[in-house]
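Let me begin by presenting the structure, written as structure tokens, before commenting on it.
The values are calculated or read from the model by the stated rules, or taken from the named source; none is laboratory data. Remember, predicted model here, so these are calculated numbers, not experimental data. Cβ sites come from the backbone with ideal geometry, for glycine too, and all protein chains shown count toward neighbours.
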Ligand SMILES: Cc1cc2nc3c(=O)[nH]c(=O)nc-3n(C[C@H](O)[C@H](O)[C@H](O)COP(=O)(O)OP(=O)(O)OC[C@H]3O[C@@H](n4cnc5c(N)ncnc54)[C@H](O)[C@@H]3O)c2cc1C
């Protein structure tokens, strides 16, 4: 019979790497299992921006450039990072006609040099945590894919692709958005399925982008499109995503890059990499991320974008809670209750609950590209700088709230469409997505 670990962590993304680091520092007998061969290489699409500008899940992250650490002051821990780093100053909504709504911008002078995020090498950041875990005695199994999980009276048993078994008093599942462990244990039962989402990205060199250090997000295109700098100077990332599996994301990127002003920006650019696509089955966040001594952290309990810090924080808290359970000799739900209370207070109640009712109408079903150009053209002043997705939505909503009268007077046709879009029943949105995508049982 295989040895019994205090805790086994599955998945070496930000959530699992952090959990493994804490388990090692706390002296637990721990293992980290990752299906990839190279734990420090991220192929799954991710823009890799650490959002630091404001409270996210009740944390206000800050970068310490001298100590080379990201500091999480409210939760009380740091992450060492001596890799490449770039400031990101804002989020711009871009339209097919080349209009921009700016939430922050590259500063004109030093005094205004306040970043809202930092672009990092996420794989390297995870590798630092994994190395720290290994230095503290955590066993690392890479190239190992967990495909079964079962509860026995005194442990959880994981089985890998070669049939080997691993036994843990607890398991922390940090296996990402399509969590197999979550599915095997029935965590998806009762979750509302929001659709199948696919993303892909290409990397370019030689593009000439104004205000390059901002993330640009397209509205009014057939798919979601975005442009962002990459961590390597001169490298640029163009992505497309859709809830409709029939959409050709490559064609959407081509369309974006042949429209002005993007065509001019990319005139001399060369595509050098095609970052792999990801296909995610998205459901609303899980309310209680614990069952049968398995704790879920990060995307495995969320939708697909709890974010890098949003995966690191539960990884940190879950590993501490497992430590508490072992010290107290309570190898059960009561033992790890600090994790569940923390998750409910900082993740589920303030954010997750709201997402449980997400699923808004598709803008392109109501508004033409020309309508969106008109609307974006109304916002002439830069809005509050932010990279926080929730704040972006509420800031834009507030800006348009103040413009409704003007829209009603100038373009009653658009006003009517906006009202119809607002009252579009959520069930129809979800039904369309499930028909467009593959209706699956989670
Ligand atoms: C298009 C896109 C852009 C994004 N951009 C940003 C951004 O700019 N900033 C930001 O903060 N967040 C961003 N995110 C979100 C971010 O990528 C995730 O929220 C974050 O990586 C979640 O971390 P995690 O540790 O929970 O899971 P993951 O990072 O997904 O890690 C899961 C790990 O588990 C491993 N694994 C999976 N199954 C198994 C198995 N059965 N056995 C063993 N190992 C397994 C995987 O190989 C992987 O290494 C983006 C997401 C998308 C889709």
| Which residues, counting only those in segment 192-213, are surrounded by fewer than 18 Cβ atoms within 10 Å (Cβ to Cβ) and under 23 Å from residue 282 (Cβ atoms)? | 192
| Only one residue in 405, 370 is in contact (Cβ under 8 Å) with a residue 60 or more places away in the chain, outside the structural domain of residue 295 (by TED's automatic domain parsing) and either in a helix (DSSP H, G or I) or touching a strand residue (DSSP E or B) at 6+ places or on another chain (Cβ under 6 Å) (or both), so which one is that? | 370
| query | Which one of the conditions (1) more than 22 Å from the chain's Cα centre (by Cα); (2) in the same structural domain as residue 146 (by TED's automatic domain parsing); (3) surrounded by 22 or more Cβ atoms within 10 Å (Cβ to Cβ) does residue 187 fail to meet, given that it meets all the rest? | reply | (1)
| Among the residues of segment 22-34, which ones are surrounded by fewer than 19 Cβ atoms within 10 Å (Cβ to Cβ) and within 7 Å of the ligand (Cβ to nearest atom)? | none
| query | Is it fair to say residue 66 is modelled with pLDDT under 90 and in the same structural domain as residue 314 (by TED's automatic domain parsing)? | reply | no
| What residue, among those in segment 144-173 that are within 30 Å of residue 241 (Cα to Cα) and crowded, with 17+ Cβ neighbours inside 10 Å, is farthest from the ligand (Cβ to nearest atom)? | 172
| query | Given the structure, is residue 67 closer than 18 Å to residue 6 by Cα and more than 10 Å from the ligand (Cβ to nearest atom)? | reply | no
| Which residue, of 116, 93, is within 14 Å of the ligand (Cβ to nearest atom) and within 23 Å of residue 237 (Cβ to Cβ)? | 116
| more than 14 Å from the ligand (Cβ to nearest atom) and assigned to a loop (DSSP other than H, G, I, E, B), is that true of residue 40? | no
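Okay, residues lined up against (1) within 11 Å of the ligand (Cβ to nearest atom); (2) assigned by TED's automatic domain parsing to the domain that holds residue 126; (3) under 16 Å from residue 142 (Cβ atoms); (4) assigned to a loop (DSSP other than H, G, I, E, B):
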{"residue": "8", "(1), (2), (3), (4)": "yes, yes, yes, no"}
{"residue": "46", "(1), (2), (3), (4)": "yes, yes, no, yes"}
{"residue": "54", "(1), (2), (3), (4)": "no, yes, no, yes"}
{"residue": "75", "(1), (2), (3), (4)": "no, yes, no, yes"}
| field | Selection status of residue 284, crowded, with 20+ Cβ neighbours inside 10 Å and free of Cβ contacts under 8 Å to residues at least 40 places away in the same chain | value | no
| request: Please state which one of 182, 176, 123 is modelled with pLDDT of 95 or more, out of contact with any strand residue (DSSP E or B) (no Cβ under 9 Å at 6 or more places or on another chain) and within 12 Å of the ligand (Cβ to nearest atom). | output: 123
| query | Residues 315, 352: which one is under 26 Å from residue 183 (Cα atoms), modelled with pLDDT of 95 or more, within 16 Å of the ligand (Cβ to nearest atom) and crowded, with 16+ Cβ neighbours inside 10 Å? | reply | 315
| message | Go through (1) surrounded by fewer than 22 Cβ atoms within 10 Å (Cβ to Cβ); (2) in contact with a strand residue (DSSP E or B) (Cβ under 9 Å, 6 or more places away or on another chain) for residue 19 and report which single condition fails. | response | (1)
| message | Against the condition more than 30 Å from residue 244 (Cβ to Cβ), more than 21 Å from the chain's Cα centre (by Cα) and not assigned by TED's automatic domain parsing to the domain that holds residue 170, how does residue 293 come out, does it pass? | response | no
| If you go through segment 289-298 one residue at a time, do you hit one that is assigned to a helix (DSSP H, G or I) and within 15 Å of the ligand (Cβ to nearest atom)? | yes
| request: Looking for whichever is over 20 Å from residue 385 (Cα atoms), within 13 Å of the ligand (Cβ to nearest atom), at pLDDT 90 or above and in a strand (DSSP E or B) here; the options are 241, 228. Which one fits? | output: 241
| request: Answer yes or no as to whether residue 176 is under 30 Å from residue 363 (Cβ atoms), surrounded by 15 or more Cβ atoms within 10 Å (Cβ to Cβ) and in the same structural domain as residue 79 (by TED's automatic domain parsing). | output: yes
| said: For the condition touching a residue at least 60 places away in the same chain (Cβ under 8 Å) and within 28 Å of residue 44 (Cα to Cα), what is the one hit in 71, 120? | reply: 120
| task | Return yes when residue 254 is more than 14 Å from residue 47 (Cα to Cα), in contact (Cβ under 8 Å) with a residue 40 or more places away in the chain and loosely packed, with under 15 Cβ neighbours inside 10 Å and no when it is not. | result | no
| note | Of (1) at pLDDT 95 or above; (2) within 11 Å of the ligand (Cβ to nearest atom); (3) within 22 Å of residue 46 (Cα to Cα), residue 128 fails just (2)
